[in-house]
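Report on the following structure.
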Amino acid sequence: MEEWIEQLQNSVNTLDKLKEFINVSPEEEKAITTLHTKWGTTPYFASLMDPDDPNCPVRKQVIPSMKEKENRYGMHDYLLWKENRRNGEVRPDSIARQYYDRIAFTVTDTCANYCRHCFRKEIVVDHDLKLRFDVEEGLQWIREHKEIRDVLITGGDPFLFSDDKIEYIIKKLREIPHVEMIRFGTRIPIVLPHRITTGLKKALSGFHRIPIWVNTQCNHPKEITEKTARAVHDLLSCGVNVGNQAVLLKGINDDVETFRNLHQKLLTIRIRPYYVFCCEPAPGIDHFRTPLEKGAELIRDALRGHTTGLAQPIYVIATNIGKFG
Ligand code: SF4
């Protein structure tokens, strides 16, 4: 069996399994046993957690918190608003649209790590919003919309699909004359680098007029290992570009030193920093949100003029009509 499948089969998603990795704090135990929420991660990502520090940045992204019950600023039905799901245009559930010429093709609600700060929590973690992830329906919609030149395949995590299914989606998109680029949004290089297998590389490889771009999400230097470096190198060797979309998270990466380290370390493993997202007003993630100006301050104080120009992401606020940076 391939190692990545084994990792998923041994997902750390119960209190007992978690206790094999860390000394669970009373607060963490209370949240796990009280909240009805999907959580879990790979044994690999769990092994990056500090066993004794509940403030470990990896722990905070993996383990539920009672603070998820507090919701002062989060918008009810956030994704309905953010993805323009009730504004008139009839689209399949799998197609989220904020722009004229590019869409997010949401193909799954499964992830290798159920990030506590996820703005798509309503789909992937809490399942308050039930969608039909019908790939064929989405492909047909894209075929019929000649203005769509850029398709972002997202989820959940699309790299959890089988090699054959990923290859099939790429092939079908490349057959559409107006599609000019394919992007994948995936946390796999960070939370399950074992997934970048020979089979996946075969599915992604080869020169084609329609390039593939991958954007991953790495939020703290601690998430970068030798395995991540190898996975990114393998993706690049397929002709796939790899960028990072970090989320600005209170208590995780909102200090100058961590923020600079993160962006410098990404470059050492060949990932180009692309975006830093202001933590979105999704429900149940207030405790991760910083003041709006924090991201701009960090770019000013940690990156601009302080390190190489390649390590300069754009700080953006995502809305239902696009991003503002
Ligand atoms: S991997 Fe992405 S979609 Fe899945 S929980 Fe994390 S942020 Fe959300």
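Some points to look at:
- Residue 226 falls short on exactly one of the conditions (1) in contact with a Pro (Cβ under 6 Å, 6 or more places away or on another chain); (2) over 17 Å from residue 273 (Cα atoms), and that condition is (1).
- Of the candidates 184, 119, the single residue that is within 16 Å of the ligand (Cβ to nearest atom), of a type in the set (A, V, I, L, M, F, W, C), within 18 Å of residue 101 (Cα to Cα) and outside any helix (DSSP H, G or I) is 184.
- Breaking point among (1) modelled with pLDDT of 95 or more; (2) in contact with a Phe, Trp or Tyr (Cβ under 6 Å, 6 or more places away or on another chain); (3) within 12 Å of the ligand (Cβ to nearest atom), for residue 125: (1)
- Verdict on residue 136 being under 27 Å from residue 5 (Cα atoms) and either surrounded by fewer than 18 Cβ atoms within 10 Å (Cβ to Cβ) or in contact with a helix residue (DSSP H, G or I) (Cβ under 6 Å, 6 or more places away or on another chain) (or both): yes
- A search for C-beta distances below 7 Å between a residue of the range 183-201 that is within 17 Å of residue 12 (Cα to Cα) and any residue that is among the acidic types (Asp, Glu) and outside any helix (DSSP H, G or I), counting only pairs 6+ apart in sequence or on different chains, returns 187/157; 188/157.
- Complete set of residues in the range 131-152 that are within 14 Å of the ligand (Cβ to nearest atom) and either touching a Lys or Arg at 6+ places or on another chain (Cβ under 7 Å) or touching a residue at least 60 places away in the same chain (Cβ under 8 Å) (or both): 152
- Of all the numbered requirements in (1) under 20 Å from residue 123 (Cα atoms); (2) in contact with a strand residue (DSSP E or B) (Cβ under 9 Å, 6 or more places away or on another chain); (3) surrounded by 19 or more Cβ atoms within 10 Å (Cβ to Cβ), residue 92 misses one, and that requirement is (2).
- Pair list, Cβ under 6 Å, 6 or more apart: the range 299-313 residue more than 15 Å from residue 246 (Cβ to Cβ), other residue surrounded by fewer than 15 Cβ atoms within 10 Å (Cβ to Cβ): 301/256
- Residue list for the range 48-70, restricted to those being surrounded by 15 or more Cβ atoms within 10 Å (Cβ to Cβ) and not charged (D, E, K, R): 48, 49, 54, 56, 57, 58, 61, 62, 63, 64, 65
- Checked against (1) within 16 Å of the ligand (Cβ to nearest atom); (2) surrounded by 23 or more Cβ atoms within 10 Å (Cβ to Cβ), residue 103 passes all but condition (1).
- The residue list 97, 120, 85 contains one member that is free of Cβ contacts under 8 Å to residues at least 24 places away in the same chain and under 15 Å from residue 153 (Cβ atoms), which is 97.
- Segments classed as strands (runs of 3 or more DSSP E), wholly inside the range 197-312, with at least 1 members that are touching a His at 6+ places or on another chain (Cβ under 7 Å) and β-branched (Val, Ile, Thr): 241-247
- Qualifying residue in the range 205-212 (condition: within 16 Å of the ligand (Cβ to nearest atom) and either crowded, with 20+ Cβ neighbours inside 10 Å or under 29 Å from residue 89 (Cβ atoms) (or both)): no
- Considering the conditions (1) more than 22 Å from residue 244 (Cβ to Cβ); (2) part of a strand (DSSP E or B), residue 168 is excluded by exactly one of them, (2).
- Residue list for the range 226-247, filter: in contact (Cβ under 8 Å) with a residue 60 or more places away in the chain and under 26 Å from residue 315 (Cβ atoms): 244, 245, 246, 247
The values are calculated or read from the model by the stated rules, or taken from the named source; none is laboratory data. Worth saying up front: this structure is predicted, and the values here are computed from it rather than measured. Neighbour counts run over all protein chains shown; Cβ positions are idealised from the backbone, glycine included.
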